[in-house]
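For reference, the structure discussed in these notes is given below.
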Amino acid sequence: MSEPTASTSPWPGRARVAALWSARVALALVGALVAVLLFAKVSAPIGPFDATLSFRPASGGAEVAVPPLGSLAVDAYDGPLRLDISLESVDQARAQALANDPVRLAGVVDRVTENLQSAVVRLVWVTVLVALAGAALTSWAVLRRRREPLIAVGITAALLAGTGGLGAATWRPEALSQPTYTGLLVNANSLIGSAQDLVARFDAYRASLEDLVANVGTLYATLSALPTPSNTGDSVVLLHVSDIHLNPAGFDLVRQVAEKFDVDGILDTGDITDWGSEPENRLITSVGDLDVPYVYIRGNHDSATTAGILAAQPNVTVLDDSAVTVAGIRVVGTPDPRFTPDKSTGDDDAGADVLERSGEELADYTRTLAEDPAIALVHDPEQAPPLDGLVPLVLAGHTHDRQVEELEDGTLLMVQGSTGGAGLRALEGEYPEPLTCTVLYLDPETGALQAYDDITLGGLGATQVTVERTLVAADPSASGAGSPAGGVELPADGGTAGPLLPADEPLVPTSPPG
């Protein structure tokens, strides 16, 4: 009787081999992923920003985080890894250089593209090396065999090659113009439109900046032809600006007008930024370099942080139901009670009663002063009615539409346009928003308004510059708010301005109201 023979089935051996290779793949994958998450990051400059780039497990695409505004995501490719870009901070030196020289905007898109490409290439190499090292170390630490690290490196290299191939095969460049926004950035599309329109308009805008700045310089050479605002020639000169909305050309205009008109102070009725965010706030400190007092109230686009950073500048006074004296002229002011970029507060839906209450609070404060103010600053004209008859002159902004009107009880309300051409809003819409500011001449004894110069610079694609002086009657109720004294206008080619127009001859307007 023969003895039974041992089973020769190959399945147990194959199962052991399959289990071993499954363990190898799992260990390589886990080691590579952990290493990438911990160590595969690069820091790089992208334009004026200092950014951090990394890959994270996700379903492909790219996400750009812009704290604290939110983020934007682009479904540009498929794969197991997503490219994460976090804009950590703004380099003040690079941002200041860009803000002080608007012509440098001509190459900013190309520089950002080059910076980003270089950073991504560097990140890919770092990620590959870190992943291979992580897989090899994990396999050796667990399996303790000499050849396991080499096998893990091979497995990881194959996985990375597959990931790269899938990304290249599914690359969708058209998705770059259709990002998905989160946080406060959900409003970006409504403000600046599509990426294609923005690029086209930005090219036209940056091409006009050099001519615009040159024309401003030519304008000052003609100002001596304007009549003096008073018989004695003794006036306090203040510059009214509003709604700069972070436009570098707007900041440059403020600086040039302040210097050339030799102003005694600057009055800013708000919206110096668009979102009141930390990256924006790093750019507004340039007002601290001005050699004159700068009086500011917060607009509905400015955050409390914005106001705090401005208040820290040596020449800036932030008014919040408070008063300040500039060159002998008493000024009171109150901020806009809203902060509309934060949609969670419902400020966009706040009615006129909120604004009127704000004006009433400033009026109550004004009545407590021993010395009557000559000027009140509000952001929204809806805040002005409670001040009617209490303050002779109220300055406002917000509407981006320059207007001058006399209220029922004799107070003159002057609403500024947009000193920044409404910022990025200039890149959206058919009509180019002009850049505007007004130079005020006041009696040093009484604070009464004697005259004002309305300065207008052409907006997107335009280079025309005009200035119009209006003389204000000593008794506004007798002859209205004022009468034109004449003006000068520079043609679009930057040539010499024509002669001063007589008072009874109409000025040629730069453009219809913005």
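Of the strands (runs of 3 or more DSSP E) lying entirely inside the range 387-485, not one is found with 2 or more residues being small (Gly, Ala, Ser) and either over 20 Å from ASN300 (Cβ atoms) or at pLDDT 90 or above (or both).
With a requirement of 2 or more residues that are over 19 Å from GLN117 (Cβ atoms) and in contact with a helix residue (DSSP H, G or I) (Cβ under 8 Å, 6 or more places away or on another chain), the strands (runs of 3 or more DSSP E) lying completely within the range 23-93 that satisfy it span 49-57, 70-74, 81-90.
Tell me, which residue of the range 48-59 that is buried (at least 19 other Cβ atoms within 10 Å of the Cβ) and at pLDDT below 90 is farthest from ILE151 (Cα to Cα)? Give the steps one after another, and end with the answer.
First, pick out the residues of the range 48-59 that are buried (at least 19 other Cβ atoms within 10 Å of the Cβ): 48-49, 51, 53-55.
Now restrict to residues that are at pLDDT below 90: 48-49, 51.
On the way: PRO48: 44, PHE49: 41, ALA51: 35 Å.
So the residue we want is PRO48.
Each residue in the range 339-380 was checked for being modelled with pLDDT under 65 and part of a helix (DSSP H, G or I), and 6 of them qualify. The single condition among (1) in contact with a Gly (Cβ under 7 Å, 6 or more places away or on another chain); (2) farther than 16 Å from SER322 by Cα; (3) β-branched (Val, Ile, Thr) that VAL378 does not satisfy is (2). Criterion first (of a type outside the set (Val, Ile, Thr), at pLDDT 85 or above and either part of a helix (DSSP H, G or I) or in contact with a strand residue (DSSP E or B) (Cβ under 6 Å, 6 or more places away or on another chain) (or both)) does TRP171 satisfy it? No; evaluated as a whole, the condition is false for this residue.
Which is in contact (Cβ under 8 Å) with a residue 24 or more places away in the chain and more than 17 Å from the chain's Cα centre (by Cα), of VAL318, VAL295?
Values: VAL318 fails: in contact (Cβ under 8 Å) with a residue 24 or more places away in the chain.
VAL295 is the lone residue from the list that is in contact (Cβ under 8 Å) with a residue 24 or more places away in the chain and more than 17 Å from the chain's Cα centre (by Cα).
Among residues of the range 111-125 being in contact (Cβ under 8 Å) with a residue 24 or more places away in the chain and among the polar types (S, T, N, Q), the one that is least open to solvent (accessible area, probe 1.4 Å) is ASN115. A Cβ distance below 9 Å, combined with a sequence gap of six or more or placement on separate chains, defines the contacts here; from the range 154-171, residues that are among the hydrophobic types (A, V, I, L, M, F, W, C) reach residues that are in a helix (DSSP H, G or I) and modelled with pLDDT of 90 or more in the pairs ALA157/VAL128; ALA157/ALA131; ALA157/LEU132; LEU159/ALA131; LEU160/THR127; LEU160/VAL128; LEU160/ALA131; LEU160/LEU132. In the range 16-44, the qualifying residues are those that are more than 15 Å from PHE55 (Cβ to Cβ) and touching a residue at least 60 places away in the same chain (Cβ under 8 Å), and the one that is most open to solvent (accessible area, probe 1.4 Å) is VAL30. In this structure, ARG16 does not satisfy being in contact with a helix residue (DSSP H, G or I) (Cβ under 9 Å, 6 or more places away or on another chain) and in a helix (DSSP H, G or I).
The values are calculated or read from the model by the stated rules, or taken from the named source; none is laboratory data. Since the model is a prediction, treat every value here as computed from it, not as a measurement. Here Cβ is always computed from backbone atoms with ideal geometry, including for glycine, and neighbour counts include all displayed protein chains. Heavy atoms of the whole protein, side chains included, go into the accessibility calculation; ligands, DNA and RNA do not. Shrake-Rupley method; radii C 1.70, N 1.55, O 1.52, S 1.80 Å.
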